[in-house]
1. Out of the residues in the range 526-549 that are hydrophobic (A, V, I, L, M, F, W, C) and not in a helix (DSSP H, G or I), which is nearest to Ala438 (Cα to Cα)?
2. Out of the residues in the range 378-401 that are charged (D, E, K, R) and farther than 16 Å from Arg417 by Cα, state the one that is surrounded by the most Cβ atoms within 10 Å (Cβ to Cβ).
3. Go through the range 538-574 and give me each residue that's polar (S, T, N, Q) and farther than 23 Å from Gly695 by Cα.
4. I'd like the full set of residues that are in contact with a Cys (Cβ under 7 Å, 6 or more places away or on another chain) and part of a helix (DSSP H, G or I), limited to the range 74-115.
5. Considering every residue within the range 1-11, establish whether at least one is in contact with a strand residue (DSSP E or B) (Cβ under 6 Å, 6 or more places away or on another chain) and buried (at least 23 other Cβ atoms within 10 Å of the Cβ).
6. Which of the residues belonging to the range 380-430 are touching a Ser or Thr at 6+ places or on another chain (Cβ under 9 Å), closer than 24 Å to Asp359 by Cβ and among the charged types (D, E, K, R)?
7. Quick check on this structure: which one of Met348, Met365, Met404 is buried (at least 24 other Cβ atoms within 10 Å of the Cβ), without any contact (Cβ under 8 Å) to a residue 60 or more places away in the chain and hydrophobic (A, V, I, L, M, F, W, C)?
8. Only one of these is buried (at least 22 other Cβ atoms within 10 Å of the Cβ), touching a residue at least 60 places away in the same chain (Cβ under 8 Å) and not aromatic (Phe, Trp, Tyr): Leu491, Leu518. Name it.
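Every number here is computed from the coordinates shown, using simple stated rules; none is lab data. Only a predicted model underlies this, so the values are computations on that prediction, with no experimental measurement involved. Please note: Cβ atoms are built from the backbone with ideal geometry, for glycine as well, and neighbour counts cover all protein chains shown.
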Amino acid sequence: MVPAQAAPPALVADPAAYVDPFIGTTRGGNTWPGATRPFGMIAWSPTATTGDQTGAPASNGYDYNVTKLRGFSLTHVNGAGCAPGAAGDVPILPYAGPVDSSPTADTKDAKYAATFSHANETATPGRYAVTLDSGVRTDLAVSTRAGVGDFTFPAGQPANLLFRTSNSLNGSENAGITIDPETRTVKGWVLTGGFCGRRGNGGGATNPNRRSYYKVFFDAVFDRDFASTGTWQNSALNPGGTAIEGGEGYLTGADRAGKGSGGWVGFDTATDSDVRMRLGISYVSAEGAAANREAEIPAGATPSTVGDATRAAWNTELKRIRVGGGTEARTTAFYTAVYHALMQPQTMNDVDGQYLGADMKVHRMRPGQKAVYGTFSGWDQYRAQIQLLGLLRPDVAGDMATSMADFAAQNNGIWDRWLHLGAPTHVMTGDPAAPTLATWYAMGVRNFDARAAFDSLYRQATIQNPEALSDAGCPGQCTGQRATLDTYLALKYAANDICHCWGGAAETLENSLADFSLAMWSQKLGLAARSRELLPRGDYWKNTYNPAVGYQAARRADGAWQPGFIPSTDVGFAQGSSATYTWMVPQDVSGLATLMGGRAKAADRLDTLFHDENGNWAVLGGNALRYDPTNEPGIHAPWLYNGLGQPWKTQETVRQIVDTAYGVGPGGLPGNDDLGTMSAWYVFAAIGLFPQTPGRAELLLGSPVFPRAIVERSTNVRLTINANTTDKYVQSARLNGARLTRSWLPESFTLTGGTLDFTLGTTPNTTWATATADLPKDH
């Protein structure tokens with residue numbers, strides 16, 4: 001029965017009020033609650049400790065269940081999947097005690113650390129505050145490249161700020177600090193990198209990311225004189241010192257503990273217990289850090305003034321999707337997801353336009369480019385986050401595309417799979433830059449040199465580079481790009497025994513999707529010959545589909561299948577099982593269905609991915625045979641029912657995941673956020689839309705959890721989504737007033753906008769959008 005339609009609900013007026021930065025801070029979400037601005041360079045947030053100076057309880061240094069910290073670090077990466085992940089540079093600790101021994105010698109964080117209670121902790125977009133059990137109150141707010149902190153110490157007690165310059169999450173090659181009492185400044189730098197550096201990958205210290213690939217500078221100025229200064233290096237304490245250098249290295253445990261350097265400044269709290277610090281950072285120079293600070297945090301700025309401005313900036317971004325009529329919990333989950341999704345990409349250029357390139361040299365951004373952006377978790381993001389970015393901020397997407405092209409040019413023409421800042425880390429598998437830029441172009445992004453970028457990616461996909469024959473870093477961080485390309489093109493699949501990749505079946509699926517995306521892009525560029533060449537490569541996934549078992553499987557160079565296959569195997573795959581990866585063919589759902597015996601049989605098989613043998617829902621992860629909401633290879637799978645002619649199952653399955661795998665509170669994300677990917681999936685699911693396939697701009701339909709949503713692209717294109725209720729099943733739909741018999745929307749809806757009206761109900765309509773002619777189009 002369909003309820004009567006009510007008056008349209010009011011749209012949320014202050015979405016920032018619904019953002020809870022603590023969502024995802026435990027249960028493996030790997031988010032963090034500190035202060036940051038949309039696409040910000042600085043991210044000022046706590047680094048916690050469980051008693052190991054060289055470790056952290058989570059990828060980005062913070063886990064809600066750990067209430068002891070060793071400082072407030074200036075940089076973070078949102079939701080990376082390894083622990084520690086990256087960054088966490090320059091933890092700054094307000095310490096209400098005497099500095100009478102080297103903080104680096106405190107290897108168990110027994111002395112120079114602070115406990116706190118969540119009852120005394122608050123976080124809002126752009127601002128973070130906590131009162132430590134020591135009595136010190138810390139209040140932080142940030143702009144894009146700088147921040148201001150108020151530190152209020154207990155009156156009459158020692159009051160020191162410790163700058164742990166070398167203590168980045170994964171260690172450091174070197175670090176330095178200089179204290180100038182005359183100018184009330186503390187400046188320094190750390191030479192570091194080490195993304196996912198604890199992964200031994202079969203070689204201990206040979207991990208290719210146990211290396212330095214960026215240098216971050218900071219420059220802090222205070223509102224009052226220093227009462228004392230000091231430095232330390234390793235176990236040596238230097239009271240009165242004003243300059244020191246020393247790094248920690250990139251190893252762990254005893255190999256790194258007790259090494260490193262830093263400095264401190266002390267204050268007289270006899271008559272004034274409050275200390276205010278303005279600080280800027282830069283990946284270019286100390287002068288750049290100071291200039292960034294002065295441009296963005298003027299003298300007299302406070303956490304309130306800076307925090308209010310950044311909160312307003314967040315509201316500008318959050319209002320690009322206005323929703324109304326949802327429950328408090330869903331609204332909170334939704335706007336927090338938008339918040340997490342738009343933390344990245346990260347601004348890399350200073351206010352003067354200079355930035356650190358992939359070659360560790362200083363470059364200047366191109367004329368007309370508004371910003372240089374970095375950090376790209378490609379294998380994750382190309383499945384949801386980049387589509388949300390392209391939908392909401394095509395201008396930012398275009399500048400990111402330009403940045404990625406420049407980073408590739410600085411990296412011998414190679415587009416790396418996972419960029420930290422602009423640097424290659426080689427993490428994961430496939431060629432995700434290709435579907436990313438192809439998707440943005442399909443979504444109307446034009447503010448980048450599309451032909452030059454296409455030509456560069458085409459070259460990578462057709463001419464083998466020397467690294468393609470290397471096993472360095474394998475598995476997980478194989479340095480080769482388009483691994484063993486010549487052999488891949490000859491065999492038309494990645495041979496698991498010689499592919500120099502994480503897994504041959506996964507590599508084949510990823511490359512097939514990348515090549516399909518390039519084919520779609522080449523069509524739009526008018527490159528017919530390129531499209532004819534690339535489009536058949538989009539079908540190479542069929543060569544690792546083993547019809548004898550009905551699954552994707554690892555295949556050897558001699559054509560034989562890897563022995564011992566079971567559907568739960570991860571042999572030949574990357575962070576997933578055959579049961580999950582078999583469905584990773586969004587570009588050819590009809591072709592996959594044919595191999596499975598037709599759409600009906602394929603849909604029956606898909607049912608088993610989401611239900612256990614007793615028919616109960618199984619969408620929370622933890623079983624290699626079932627859907628895994630915590631990782632990316634299968635997150636599109638609930639939407640495949642649309643292409644199989646059973647869209648009502650997409651509606652009920654997506655709603656089940658939204659309501660059980662996601663939620664509010666610190667455990668509100670099902671797994672690591674992967675630079676906003678899991679959050680972006682939720683945003684799309686909540687408004688009842690999802691990108692059909694990379695390289696295209698069609699949208700698949702589910703059912704929205706809000707009766708009203710309006711998407712405002714930065715191009716002034718408006719997408720309006722209305723529903724008569726929040727029930728899960730679509731009874732009928734209209735597009736721009738006309739009856740819609742398809743469970744998908746054409747690219748024109750994304751490019752020029754329109755109005756989508758859902759009529760929802762409590763029971764499935766098993767006839768809507770099921771005609772063969774109305775199914776989503778492949779190829």
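1. Here the answer is Leu527.
2. Restricting to residues being charged (D, E, K, R) and farther than 16 Å from Arg417 by Cα, the top hit is Asp399.
3. Those that are polar (S, T, N, Q) and farther than 23 Å from Gly695 by Cα: Asn546, Gln562, Ser568, Thr569.
4. Those that are in contact with a Cys (Cβ under 7 Å, 6 or more places away or on another chain) and part of a helix (DSSP H, G or I): none in the range 74-115.
5. There is no residue in the range 1-11 that is in contact with a strand residue (DSSP E or B) (Cβ under 6 Å, 6 or more places away or on another chain) and buried (at least 23 other Cβ atoms within 10 Å of the Cβ).
6. Once the filter is applied, which keeps residues that are touching a Ser or Thr at 6+ places or on another chain (Cβ under 9 Å), closer than 24 Å to Asp359 by Cβ and among the charged types (D, E, K, R), the range 380-430 yields Asp416, Arg417.
7. Met404
8. Answer to the check: Leu518.
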